[in-house]
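J.: Here's a structure for you.
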Amino acid sequence: MRRSLFLAIVVIPLAFTASPVRAEFRRIATIPFPGAPLVSFDIGWVNDRGTAYYLTDRSNARIDIFDARNNTYRGKVDGFVGVDPRGTPYSGPNGVLVVEDQRELWASDGDSTIKVIDLRSLQIVAVIDTGGAKRADEMAYDPRDHIFVVANNEESPPYLSFIDTRSRAILGTLAFPLATDGLEQPVWDRHTGKFLQAVPETAANPAGEIAEIDPLTMQLTQTFPIPVIEGRLCSPHGIDLGARHELLIGCSLAGTNVETLIMNASTGAIVKVFTEVGSSDEVWFNRGDRNYYLAARNFPGGAVLGVINSEDNSWVVNIPTAPNAHSVAASRRDDHVFVPLTPLASDPDCVTGCIGVYADDEED
């Protein structure tokens, strides 16, 4: 019998003025691109300047590159595993992010490697083996200490690999022997200098937990259990840090009883519970419009792009997307939001898959 851990939900008064609600938020552009139909993909990423959008495209075994300023396809980087016949645990690419200070793109692959791409030449310049038998997955970067972390989520037990981005040497690993459903998104917390790691489930915390990890010692410093709220099990997948040192938690469990959480990243207290959107994978905090965006692929009634205003922690709107639309990234330059969409026969602009670009039409 599993024990449920209940925590008090603390509502913290807000001192910020809410930004205007997006009254006309919709898909404003569609980006087609060549290759096989976009059936399998994973994480998307927009660089800090908001000029480029990158997508891990398993269907075409590559990284797709888009111009985020004019919503066009720019090119690709080949050399990834693609869709492996043994399934997702062996497929790639998976995670991706830009190491801004080195002008490099780091992407994880299905063979437990990290591919390092020079953004000037668009060539793979290094391959780093993280020592597993299955895929390397979600990742985060600590620019202060030049430490990259990636989750080897399919291994038993799952573990994190820590890599020095300058030497590209593996510094060490941290195993999670009590995790019963792998590992999901990590994020670097610039306030504390620590990594925060989404752990979907443990025996002690069936709703999941957020682990705090020191990148220098590569050790767990504290754990924030996620409470079971009104019978709902969160199972955190996507996480991102927003306003007031708060953590958006994209709960992934499907069904009619969905939720999304805002957690105080200093104390672990739950600040806000949303039932208007949930069953999400990747989530994103946009520092431009200060909205949270959620790729809620298993939302009841169909996949949606969820929008939450971080200034007053209010749900704004859900926009229908496409089956398995589980990836989202936004540009703080112009507040455009990029969502990969699987093929839709009813959508003449997306019959083989596409990138949907969403924004407030009144402000665009």
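The values are calculated or read from the model by the stated rules, or taken from the named source; none is laboratory data. In this text the structure is predicted, and so the values were computed from the model without any measurement. Every residue, glycine as well, gets a Cβ built from its backbone with ideal geometry; the counts of neighbours run over all protein chains shown.
J.: Identify the single condition in (1) under 28 Å from Lys76 (Cβ atoms); (2) touching a residue at least 60 places away in the same chain (Cβ under 8 Å); (3) not aromatic (Phe, Trp, Tyr) that Leu196 does not satisfy, given that it satisfies every other one.
T.: Unmet condition: (1).
J.: Would you be able to tell me the number of residues in segment 33-58 that are assigned to a loop (DSSP other than H, G, I, E, B) and under 15 Å from Val77 (Cβ atoms)?
T.: 5
J.: Now for a different question. Which residues, taken from segment 60-79, are assigned to a loop (DSSP other than H, G, I, E, B) and surrounded by 20 or more Cβ atoms within 10 Å (Cβ to Cβ)?
T.: Asn60, Ala61, Ala68
J.: Let me ask another. For segment 300-331, which residues satisfy the criterion of being among the hydrophobic types (A, V, I, L, M, F, W, C) and touching a Pro at 6+ places or on another chain (Cβ under 9 Å)?
T.: Ala303, Val304, Leu305, Ala322, Ala325, Val328
J.: Across segment 89-140, what is the total count of residues that are part of a strand (DSSP E or B) and acidic (Asp, Glu)?
T.: Of the residues in that region, 3 qualify.
J.: So Ala265 passes all but one of these: (1) out of contact with any helix residue (DSSP H, G or I) (no Cβ under 8 Å at 6 or more places or on another chain); (2) among the hydrophobic types (A, V, I, L, M, F, W, C); (3) touching a residue at least 12 places away in the same chain (Cβ under 8 Å). Which condition number does it fail?
T.: All conditions pass for Ala265, except number (1).
J.: Sticking with this one: If only one of Asp111, Asp101, Asp142 is within 17 Å of the chain's Cα centre (by Cα) and of a type in the set (Asp, Glu), which one is it?
T.: Every option except Asp142 fails the conditions.
J.: Another question, if that's okay. Which residues, counting only those in segment 155-181, are farther than 15 Å from Thr202 by Cα, assigned to a loop (DSSP other than H, G, I, E, B) and in contact (Cβ under 8 Å) with a residue 24 or more places away in the chain?
T.: Passing the criteria: Thr165, Arg166, Arg168.
J.: Looking at the structure I just gave you, is Asp181 surrounded by fewer than 24 Cβ atoms within 10 Å (Cβ to Cβ) and closer than 20 Å to His245 by Cα?
T.: no
J.: At pLDDT 95 or above and crowded, with 23+ Cβ neighbours inside 10 Å, is that true of Val228?
T.: no
J.: Restricting attention to segment 252-301, and to residues there that are in a strand (DSSP E or B) and touching a Ser or Thr at 6+ places or on another chain (Cβ under 6 Å), which single residue is surrounded by the most Cβ atoms within 10 Å (Cβ to Cβ)?
T.: My answer is Ala296.
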